[in-house]
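Working notes, structure below.
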Amino acid sequence: MSAAVAMQATRRRVKPSSNGAEPEEKGELGQWGRAWEVDWFSLTCVILLLCLAPFLVFYFIMACDQYQCSVSQPIIELYSGDVTLMTIWDRSPSFTWPAAKIYAIWVSFQVVLYMCVPDITHKFLPGYVGGVQEGSRTPAGLINLYEINGLQSWIITHALWFLNAQYFHWFSPTIIFDHWIPLLWCTNILGYTVATFTFVKAYLFPTNAEDCKFTGNMFYNYMMGIEFNPRIGKWFDFKLFFNGRPGIVAWTLINLSYMAKQQELYGHVTNSMILVNVLQAIYVLDFFWNEAWYLKTIDICHDHFGWYLGWGDCVWLPFLYTLQGLYLVYHPVQLSTLHAATVLLLGLIGYYVFRSTNHQKDLFRRTDGACTIWGKRPNFIECAYHSSDGGLHHSKLMTSGFWGVARHINYTGDLMGSLAYCLACGGGHLLPYFYIVYMTILLVHRCVRDEHRCSSKYGRDWRRYTDAVPSRLIPGIF
Ligand code: NDP
């Protein structure tokens, strides 16, 4: 359907009334945001995840520490009776005060950079959007302001890291690797504290009560969050801080620490380690360069803040997104030139698809469709929806560029990049491939979740969009 026809159709359908829409259509357009009610399947998944996820992280890290990254060997030994769970537990390093000190300094430093150093990088980096920026409209109709200074924090942190490694020698560049399992304890303490604090805060002193969702089920509320944008004061935003820093700033430092450990152990750094460092650094830098765009993603626009985001950002992300580098410390794989070039190409193509798709949507939404996509004015379907205060709003769904190829091809690009990180580790063990398995589950689930939400939000307009762009991730296949 052409843009003009689509726009006409929408205009006909949504006539202004006392609250801005035809009453019989309000129910269809009304609900958006996360679920109000929990079915048994979701509840079972939530309880399983709450119980199992921390042990899964421990299992992978312990498998590297005690079994040279073999994920099957601990199970074989447990099954044959060679070890017991207690033996494995006792052999693992425990909580230590030096690790707690390192972690406390790290998190405090990131809080200071986030809260006390207003962004100046946007003043001299052409094209970079930083400083105070507006988020999307919340379900209750609010628009929050955010201080975007993640790129600056990343630059300062990494500059200090390099200055230390080159000149100051306050600490060893392998410090993160050397305290890895004790740090796992510390991140868990912070992750659970943050999740519990925001859970209690939602009942006692929510930042914006109209944006809270209570399902009546404590586990679901704890995991998926109640508050939409919990804040302390005007500027400390839990979602923006915990998602970006300390987790994502740490990602590249963790990889650098693995690289330093390889150098220390073997006297050289392998090309696979360099590839993992470079490809993941591109992804991290892209995130911070586009932090203002991140305000428009599902994490900020639709997810509530609970254990899923709080614990996930503190523990899951830094430990499991960096498994490739950890693996390469134990298995220093040197790839053939052809293998390395293929991995690099796959990673770069994936990044191109991921970035271009996200950029196209951002440009389209920022200019309200007054832009060019692939050299032409974009086609779109105009949509209407209601916020929970009953207000009628309008939006557009683009059907041009990558958004006309598949409805979530940005996820496909992300998956190609993820596969490249894994392939950089060769075929010796399964452990580094956990990432692509996890990302596939995450992004397919996210795609289904997002489409369910968009369908509730836009109703018939969303069905017109899915008719125009039938594939989700892979054109003609899925
Ligand atoms: P998207 O950026 O794809 O945003 C989806 C939203 O975009 C929809 O809810 C809808 O929001 C809007 N939209 C959907 N279709 C269109 C269209 N045709 N035209 C205009 N707007 C549209 O999703 P995410 O926020 O999940 O992901 C952002 C990026 O982050 C992705 O590239 C993803 O790969 C990456 N990511 C990475 C993760 C990781 O752990 N590494 C985790 C999650 C995401 P609206 O209500 O505004 O219409």
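Details
- The sum of -39500 (n - 2.57) across all DSSP H runs of n ≥ 4, divided by the residue count of the chain, sets its helix-only mean residue ellipticity at 222 nm to -18500 deg cm²/dmol.
- Surface analysis of the chain yields an accessible area of 45 Å² per residue, using protein heavy atoms and a 1.4 Å probe.
- Highest average packing first - 76-82, 276-282, Cβ atoms within 10 Å: 276-282, 76-82
- The angle separating the long axis of helix 150-163 from the principal Cα axis of greatest extent in the chain is about 10 degrees.
- Compared with the dominant Cα axis of the chain, that is its longest principal axis, helix 337-366 is turned about 30°.
- Selected from GLY127, THR87, ALA63, residue furthest toward positive end of dipole (region 30-139; charges at beta carbon): GLY127
- A protection proxy built from the mean count of other Cβ atoms within 10 Å ranks the segments 393-400, 470-477, most packed first, as 393-400, 470-477.
- Of MET223, PHE236, VAL249, farthest towards positive along the dipole that unit charges on Lys, Arg, Asp, Glu beta carbons give region 221-284: PHE236
- Anisotropy class of region 148-286 from Cα gyration tensor, a/c 1.5 cut: prolate
- Counting DSSP beta bridges with both ends in the chain, the antiparallel % (nearest 5): 100
- Mean sequence separation of contacting Cα pairs (under 8 Å, at least six apart), scaled by the length of the chain, corresponds to a relative contact order of 21 percent.
- Applying D = kT/(6 pi eta Rh) to region 363-408, where Rh is the Kirkwood radius over alpha-carbon pairs, T corresponds to 37 °C and eta to 0.692 mPa s, the Stokes-Einstein value obtained is 283 µm²/s.
- Label-to-label distance, ILE156 versus HIS394, with points set 7 angstrom from Cα along the beta-carbon direction: 4.3 nm.
- Distance (nanometres) between label positions extended 7 Å along Cα→Cβ at TRP89 and PHE205: 3.8
- Coarse-grained scattering of region 253-300 at q = 0.14, 0.19, 0.30, 0.33 Å⁻¹, given as base-10 log I(q)/I(0) from a Debye sum over alpha-carbon atoms: -0.47, -0.66, -1.04, -1.13
- Semi-axis lengths, Å, region 320-370, gyration tensor of Cα atoms, sqrt of 5 times eigenvalues: 35, 15, 4
- Between PHE171 and LEU43, the simple label model (points 7 Å from Cα in the Cβ direction) yields a spacing of 4.4 nm.
- Treating r as the C-beta distance of ILE76 and ALA468 and R0 as 60 Å, the FRET efficiency rounds to 0.70.
- Its alpha carbons considered, region 429-478 gives a radius of gyration followed by a Dmax of 14.3, 48 Å.
- Label point 7 Å beyond Cα of LEU145 along Cβ direction - residues of region 91-123 with amide nitrogen under 15 Å: 118-119
- Here, P(r) means the percent of Cα pairs in each 10 Å bin from 0 to the largest distance; for region 141-222 it is 13, 24, 30, 21, 12, 1.
- Positive-end extreme of charge dipole, the chain - chosen from ILE298, TYR258, THR44 (charges on Cβ): ILE298
- Global form of region 323-444, assessed from the alpha-carbon gyration tensor, a/c cut-off 1.5: prolate
- Solution diffusion estimate, µm²/s, Stokes-Einstein, the chain, Kirkwood Rh from C-alpha pairs, 20 °C, viscosity 1.002 mPa s: 89
- Global geometry of region 37-107, whether rounded, prolate or oblate, following the gyration tensor of its Cα atoms and the 1.5 cut on a/c: oblate
- If only the Cβ of Lys and Arg carry +1 and only the Cβ of Asp and Glu carry -1, the dipole of region 115-251 around its Cα centre is close to 80 debye.
- Evaluated with a Cβ-only charge set (Lys, Arg +1; Asp, Glu -1), the chain carries a dipole of roughly 1240 debye about its Cα centre, given to the nearest 20.
- Low-density loop cleavage sites - chymotrypsin sites (Phe, Trp or Tyr not before Pro) in region 100-193, where at most 14 other Cβ are within 10 Å (DSSP): TRP170, PHE171
- Cβ-Cβ FRET estimate between PHE124 and CYS371, R0 fixed at 25 Å, reported to 0.05: 0.45
- Protein heavy-atom surface of the chain, 1.4 angstrom probe: 67% of the accessible area is carbon and sulfur, with nucleic acids and ligands not counted.
- Each residue of region 438-453 is assigned a 3J(HN,Hα), and the resulting list reads 4, 5, 5, 4, 4, 6, 5, 4, 5, 4, 5, 4, 5, 5, 5, 5 Hz, derived from the Karplus form 6.51 cos²θ - 1.76 cosθ + 1.60 (θ = phi - 60°), x at Gly and Pro.
- The charge dipole of region 197-285, taken about its Cα centre with unit charges on the Cβ of Lys, Arg, Asp and Glu (plus for the first two, minus for the last two), comes to roughly 100 debye.
The values are calculated or read from the model by the stated rules, or taken from the named source; none is laboratory data. Every value quoted in this text rests on a predicted model; they were computed, and no experiment measured them. Because the Cβ atoms are built from the backbone with ideal geometry, glycine has one as well, and the counts that use them run over all protein chains shown. In case anyone asks, the SASA skips ligands and DNA or RNA and just uses the protein heavy atoms, side chains included. Shrake-Rupley method; radii C 1.70, N 1.55, O 1.52, S 1.80 Å.
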